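Novice: Could you have a look at this structure, given as structure tokens, before my questions?
None of the figures in this text is laboratory data; all of them are computed from the coordinates on show. No experiment lies behind these values; they were computed from the predicted model shown. Note that we place each Cβ from the backbone using ideal geometry, even for glycine, and neighbour counts take in every protein chain shown.
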Amino acid sequence: MRKRLGIISLFVILFIAFIAIWNYSYQLGLEEAYIPIEASSNVHAIPSESGVFKRSQHALDYEGMPVDGKHQRSLTTYYNNRAYHGAPPSIPHSVDEHQNMGGQSCLKCHENGGFTEKFQAYAPVTPHPELVNCKQCHVEQNTQTLFKTGDYASVVAPETGVNNALLGSPPMIPHQIQLRENCLSCHAGPSAPKEIRVSHPERVNCRQCHVPNNKEMTAVETFKRAGNEE
Ligand code: HEC
Ligand code: HEC
Ligand code: HEC
Ligand code: HEC
């Protein structure tokens with residue numbers, strides 16, 4: 001009798017353990033997918049240009065990705081969500097309480113993008129997954145009505161399609177590079193605004209051909225050593 005009870009309780013324990021483990025792995029599977037950031041890469045790049053390699057492991061995936069015509073972003077919606085050119089965009093969707101400062105709760109959608117059923121849109125890939133306090137800079141849209149339009153001059157975004165020196169030559173980068181080192185995050189994949197989606201994500205080393213258009217640069221005078229001007 002005791003032996004039988006022992007065997008039965010052993011099976012009951014095994015059964016409960018099975019349910020607990022199965023439930024745990026099922027709950028894990030329900031989390032929105034995310035791929036951890038690679039700790040380091042073996043690319044030896046010029047430090048100021050290393051950002052262009054940040055998503056290079058996805059370059060070939062982007063090349064083969066089909067275009068989902070119905071859910072494309074355009075530059076108009078892109079600019080509408082920013083107070084001025086280069087400003088951090090506001091968060092256009094609801095955010096749960098537990099997604100407080102950001103971090104992994106935002107990165108599970110924004111690290112690699114992908115289609116989000118509940119917002120019926122592709123999550124834009126963040127160019128800066130390492131700045132984990134997302135809400136330090138990105139705020140939710142709480143109201144559309146409280147503020148009146150002011151007459152502050154807004155920063156005009158540079159034009160696209162006019163930055164080539166010659167027909168067919170690589171366009172210059174018309175925007176600043178700071179916070180925009182990670183080119184593929186904005187220029188590739190289904191969340192990239194359609195006007196600036198790059199036709200050649202597989203070329204990876206973007207700045208080999210595209211140079212920043214630094215319009216503020218002033219001519220450097222010829223150097224003359226003091227007391228040497230005869
Ligand atoms: C369930 C997936 C998901 C989660 C979690 C999520 N987002 Fe988003 N996010 C999206 C999608 C999809 C869009 C695009 C919405 C659209 O285009 O209508 C978006 C858009 C944005 C944008 C606008 C980007 C732009 O270029 O205009 C910002 C900023 C943003 N999210 C920040 C956050 C922050 C911060 C968090 C964490 C507090 C977060 N998101 C959590 C899916 C998500
Ligand atoms: C230090 C401030 C700061 C922090 C912290 C920050 N961002 Fe940003 N973010 C910006 C700015 C500024 C831009 C606009 C860059 C531009 O347009 O040049 C931006 C752009 C974005 C975009 C738009 C990319 C696109 O395709 O246009 C997304 C998405 C985004 N951030 C998500 C996040 C997420 C998620 C986090 C947290 C993991 C985060 N950001 C943390 C300042 C910040
Ligand atoms: C935060 C998102 C973002 C990142 C990161 C980014 N860009 Fe851009 N890029 C844009 C936007 C938006 C435009 C359209 C003009 C503007 O608003 O500045 C643009 C325009 C361009 C153009 C001009 C295209 C044309 O048709 O004239 C080139 C070239 C370009 N980017 C190259 C790059 C390179 C190279 C990098 C990486 C060093 C990079 N971009 C990083 C958002 C981004
Ligand atoms: C080997 C040189 C080279 C490299 C590397 C390169 N590009 Fe280009 N890119 C070009 C040329 C040439 C054009 C002009 C194409 C045309 O006019 O048909 C161009 C055009 C573009 C445009 C305008 C839209 C388009 O696709 O025609 C964008 C945006 C752009 N490149 C971004 C990038 C980004 C981001 C990278 C890095 C992943 C990159 N490029 C790497 C040569 C290059």
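Novice: May I ask for the distance between the Cα centers of segment 134-167 and segment 46-66, given as a whole number of Å?
Specialist: Value for the Cα centre distance between the two parts: 26 Å.
Novice: Report the GluC sites (Glu not before Pro) located in segment 88-197 that are in a DSSP loop and have at most 11 other Cβ atoms inside 10 Å of their Cβ, or state none.
Specialist: 97, 130, 159
Novice: Each residue of segment 190-206 in order: what ³J(HN,Hα) in whole Hz does its phi give by Karplus 6.51 cos²θ - 1.76 cosθ + 1.60, θ = phi - 60°, with x for Gly and Pro?
Specialist: Whole-Hz 3J(HN,Hα) from phi for segment 190-206: x, 8, 5, x, 4, 5, 10, 5, 6, 7, 9, x, 6, 6, 6, 7, 3.
Novice: Another question about this same structure. DSSP loop (so not H, G, I, E, B), at most 11 other Cβ within 10 Å: list which trypsin sites (Lys or Arg not before Pro) in segment 82-151 pass both filters.
Specialist: 148
Novice: Calculate, for residue 154 and residue 205, the FRET efficiency according to 1/(1 + (r/R0)^6) with r their C-beta to C-beta distance and R0 22 Å; round to the nearest 0.05.
Specialist: My answer for the efficiency is 0.05.
Novice: Strictly over 29 Å apart at the Cα level, which of 148/194; 108/148; 118/194; 54/135 would you flag in this model?
Specialist: Violating the 29 Å Cα-Cα cut-off are 148/194; 108/148.
Novice: In addition: With the crude spin-label approximation of a point 7 Å out along Cα→Cβ, what separation in nm comes out for residue 144 versus residue 85?
Specialist: The two pseudo-label positions are separated by 2.6 nm.
Novice: Something else about it: When you have a sec, figure out the Kirkwood radius of the chain from all distinct Cα pair distances and drop it here in Å to one decimal?
Specialist: The answer is 21.8 Å.
Novice: Mind listing which chymotrypsin sites (Phe, Trp or Tyr not before Pro) in segment 100-209 are in a DSSP loop and have 14 or fewer other Cβ atoms within 10 Å?
Specialist: When the chymotrypsin sites (Phe, Trp or Tyr not before Pro) of segment 100-209 are filtered for loop state and at most 14 Cβ neighbours within 10 Å, 147, 152 remain.
Novice: Charges only on Cβ, +1 for Lys and Arg, -1 for Asp and Glu: so what's the dipole of segment 114-205 about the Cα centre, in debye to the nearest 20?
Specialist: So the dipole magnitude of segment 114-205 works out to roughly 80 debye.
Novice: Using the beta-carbon distance between residue 18 and residue 116 and R0 = 41 Å, what value does 1/(1 + (r/R0)^6) give for FRET efficiency, to the nearest 0.05?
Specialist: Result of the calculation: an efficiency of 0.80.
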